[in-house]
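Okay, so here's the structure we're looking at.
The values are calculated or read from the model by the stated rules, or taken from the named source; none is laboratory data. What you are looking at is a predicted structure, and each value in this text was computed from that prediction instead of being measured. Heads up, the Cβs are rebuilt from the backbone with ideal geometry, glycines too, and the neighbour counts pull from every protein chain shown. Accessible surface areas use protein heavy atoms only, side chains included; no ligands, DNA or RNA. Shrake-Rupley method; radii C 1.70, N 1.55, O 1.52, S 1.80 Å.
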Amino acid sequence: MDRARKRRSITRLLGSLLALVLLLLLGAALAWRFLALPQSSGELALDGLAAPVRVVRDAHGIPHVLAASQLDASRALGLLHAQDRLWQLEMHRRIVRGELAEALGLDALGTDRFLRMLGVRRNAQRIEAELDSATRAALQSYADGINAWIEHLKARPWQLSPEFLLLGVRPQRWEPADSIGWATMMAWDLSGNHGMELLRLALLGRLDAQQVAELAGTTPPMPLADPATLYGDAVHSRSKGTPGVAFTPFEALALAQAIVEALPSTSLDGLGSNNWAVDGSRTPSGKPMVANDPHLGLAAPSLWYLAHLSAPGLQAIGATLPGLPYVVLGRTDRVAWGFTNTAPDTQDLYLERVDPDDPGRYRTPDGWARFDTRTETIHVKGAPDVEQVVRETRHGPVISDVLAPARELLDARGPAPHVLSLAWTMLSPADRTIRAGFGMNTATDASSFRTALRDLHGPQQNVVYADADGRIGFVAAGTVPLRRADNELRGSLPAPGWDARYDWIGTIPFDELPQSLQPADGMLVTANQRIVDDDYPHHIAGEWALPYRSDRITAKLRALAVHDAEAFAAIQADLGSPAVGELLPALLGTRPRSERARHVLAMLRAWAEAQPERDAPTLVAERPEPLIAVAWIDHLRRAVFEDEVGAELFAQLERHRMRHNPLRDVLADPARAHWCDDRRTAAVEDCADMLTRSLDEVVDDLTRRLGGEPESWQWGRLHPAVSAHRPFGRHWLLSKWFDLRSPSGGDPSTIDVARHDPWDAAAPFENRWAPGYRAIYDLADPDASRFIVSTGQSGHRLSPHYGDLVQPWSKVRYLPMVTSRERIERDAADVLVLRPTHAR
């Protein structure tokens, strides 16, 4: 009895001690959360201000910067970006400079090597030197705001976000060239023609030119050159001095695969954005309206940061990018605008022949020329420094030098008889994109806005805009190279660097870029589709998004005589899938082999018959049929094409599936049905066999993943929108805390885009690309405009604003986009007054 009582007493004591420890830990966590978050109310000194600045935040942490000058507004925005997104800024700065390995270790060395080779920071410094004094002053003011917060944290290291503490990193000073470099990196993210050049070259190692054209042809179609003819007639064997071929098909394939795998990925893999504008003839107010939703890779925190900047001559609100000192997408009180990516061909790869007698020279149309060289030192966390020699040709940097598999392949043919260089329009000191950003924010009408776009160097964007006077317009603004008439490649394959016909001869003049003002039907729509017809005199691109979204948006705008904000919101939320709709008849005609497959097919048939639009069934997150249809199509593509090209090249083709849809053509055209034969088997299969086989495969796959009866499956369960943290999204444990998830419907062809990676074996259905920012602008009543981002305003994991917008965003809801002082003060949650240090 006494022993039992003693045991109970000890148990109660231990329980009490455990509870006390838990309470202390909870209290410490709450105290850390309170102390770690940046100051958002009261007063704060900010050196360099000409006058006090009021920062009024609403309940979601969206700041209204009320300043007495535009330079003060830039300085305050820099401070706010640093308060809420300092780790994001630190990553952006390290990407621009190629200094990731210094914080992340050897895993980031390959990326640093590539970025140092590209020379983004170096070129940004040249751009800065050539900018006008007003733009340089604004960039410096913004950098000073960031650095003021970094200095503030030196005495308060506990306010650093968890990433700094976990990785043992301290934030470094921001410089104007870092902002310019980040604008260049955004252009890289929206470029990617180099990938298609290499993909076609690799495919030509396995298939004939006609087959490659069917899988990854250009729009409009143009014949593909034979690599042996293209490279072989102009080069000579090192050992014998006789004509030879630069690369055998096998070597070309290996080289292309190595480079495709090593190059940094771009958002062209998830190609998509929407914008449209209607004039007053199509709105109840008689004034224009604009909508925009860019589709870039989802991230935690979001790429975008919502803000309002107010100063004399400046009244801009919308989506900013941490690292840039202006509103990138948004509105003023008089003008509204939206971007989609044009995806122009602004990159060319060149095969350069190295002098066999002097490896410091390469061949040009005028003879041998010397490589420009420089040495870069890369600091690596936990490892010795790495010295890297960068070579440049007249076209641009030599990219094969920094890719180990490519170096091994090239070196195997002797002392690097050939190298691969990259030409890119953004590696020019003439870039004035930063000045364009400031000009857009201060534009007062459509004319002054269009004038500002003349400085937009890149990435080329389909810009739709409208003003309060009733005008709507469109221009594909940006720098696009001019190519010679006898350049038959037009960026379709890497070009021989020694042949002058493949050199650029200038850029397309701004007034000759695609553009429109006041269209007769009162509306403008772009969604990455082809924006020129065959009569357009210049080559802009050979790859365009298939017109699923643009056609559907246009149809919905034409379906109603008048559109208000609610109608625009309904279009942005649309989950009708033309890509599934056009293949559904073939799927429903399949002959199932098993009872379970027959049951799933019956479910799909009943769902299709119940759809209000059979040609664009609605892919909602809560139903099983969207999952079945999308997964089946993914399996069918693999069954039809992987045997011809191999698993690695098929994965590369999948990345471009919204620019090319060969499966649709194979199922519709008997002349292409040969693709359905599986070369790995002795039998000769037809497309009916592939449909049956892929149905069995998808039923087995989904049963393994979800179990239970098919009626219990849900598209949204396997298809969450995943905003992954960088870099902790790759860590099995930290990702559970830093990543943000929400169920999502749709597919890459729906207006509300949702793009997954079928080649990702671990998570083939997760939605990784989506509209990270949505906005609707009303020029009749600017305060009736609305916007939202995919995560929250803060990048600090302890902040209540880290993920508070995930749920409203996933349900396509919005926040008010107000600029009137009365509404700002009424909705104020926190007020921070930034005071000049001399006023204290």
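What are the residue pairs meeting all of these: first residue in segment 597-608, first residue over 17 Å from Gly707 (Cα atoms), second residue charged (D, E, K, R) and not in a helix (DSSP H, G or I), Cβ atoms under 8 Å, and 6 or more apart or on different chains?
Trp607/Arg623; Ala608/Arg614
Among the residues of segment 52-66, is any touching a Leu at 6+ places or on another chain (Cβ under 9 Å), touching a residue at least 24 places away in the same chain (Cβ under 8 Å) and assigned to a helix (DSSP H, G or I)?
no
Restricting attention to segment 673-694, which residues are in a helix (DSSP H, G or I) and over 15 Å from Glu642 (Cα atoms)?
Scanning segment 673-694 gives Ala688, Asp689, Thr692.
Residues of segment 749-777 being farther than 17 Å from Ala621 by Cβ, surrounded by fewer than 21 Cβ atoms within 10 Å (Cβ to Cβ) and of a type outside the set (D, E, K, R), which ones?
Answer for segment 749-777, where residues must be farther than 17 Å from Ala621 by Cβ, surrounded by fewer than 21 Cβ atoms within 10 Å (Cβ to Cβ) and of a type outside the set (D, E, K, R): Pro758, Trp759, Ala761, Ala762.
Can you spot a residue in segment 22-43 that is modelled with pLDDT of 95 or more, in contact with a Pro (Cβ under 8 Å, 6 or more places away or on another chain) and not charged (D, E, K, R)?
Looking through segment 22-43, none of the residues is modelled with pLDDT of 95 or more, in contact with a Pro (Cβ under 8 Å, 6 or more places away or on another chain) and not charged (D, E, K, R).
Exactly one of these conditions fails for Pro592: (1) of a type outside the set (S, T, N, Q); (2) open to solvent by less than 50 Å² (accessible area, probe 1.4 Å); (3) farther than 18 Å from Leu691 by Cβ; (4) not in a helix (DSSP H, G or I). Give me its number.
Answer for Pro592: the failing condition is (3).
For segment 504-528, how many residues meet the condition of being open to solvent by 30 Å² or more (accessible area, probe 1.4 Å) and part of a loop (DSSP other than H, G, I, E, B)?
The qualifying residues number 4.
Residues checked against (1) within 30 Å of Leu420 (Cα to Cα); (2) among the aliphatic types (A, V, I, L, M):
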position	(1), (2)
Ala291	no, yes
Ala300	no, yes
Leu324	no, yes
Leu329	no, yes
Arg334	no, no
Gly338	no, no
Asp366	yes, no
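With the requirement that a residue be of a type in the set (D, E, K, R) and either in a loop (DSSP other than H, G, I, E, B) or farther than 17 Å from Gln572 by Cα (or both), what does segment 736-784 give you? Break it down into steps so the answer makes sense when it comes.
From segment 736-784, those of a type in the set (D, E, K, R) are 736, 739, 741, 747, 752, 755, 757, 760, 766, 768, 774, 778, 781, 783; that's our starting set.
Residues satisfying the conditions are Lys736, Asp739, Arg741, Asp747, Asp752, Asp757, Asp760, Glu766, Arg768, Asp781, Asp783.
In this structure, does Leu268 turn out to be in contact with a Pro (Cβ under 8 Å, 6 or more places away or on another chain), modelled with pLDDT under 90, in a helix (DSSP H, G or I) and not polar (S, T, N, Q)?
no
Give just the number: which of (1) touching a helix residue (DSSP H, G or I) at 6+ places or on another chain (Cβ under 7 Å); (2) open to solvent by 10 Å² or more (accessible area, probe 1.4 Å) does Val645 not satisfy?
All conditions are met except number (2).
When the residues of segment 465-492 are narrowed to those that are open to solvent by 10 Å² or more (accessible area, probe 1.4 Å) and touching a Phe, Trp or Tyr at 6+ places or on another chain (Cβ under 7 Å), which ends up farthest from Ile508 (Cα to Cα)?
By that ranking, first place goes to Arg483.
Being under 21 Å from Ser785 (Cα atoms), touching a Leu at 6+ places or on another chain (Cβ under 8 Å) and open to solvent by less than 60 Å² (accessible area, probe 1.4 Å) is true for just one of Ala545, Ala567. Which residue is that?
Result: Ala567 is the single residue among Ala545, Ala567 that is under 21 Å from Ser785 (Cα atoms), touching a Leu at 6+ places or on another chain (Cβ under 8 Å) and open to solvent by less than 60 Å² (accessible area, probe 1.4 Å).
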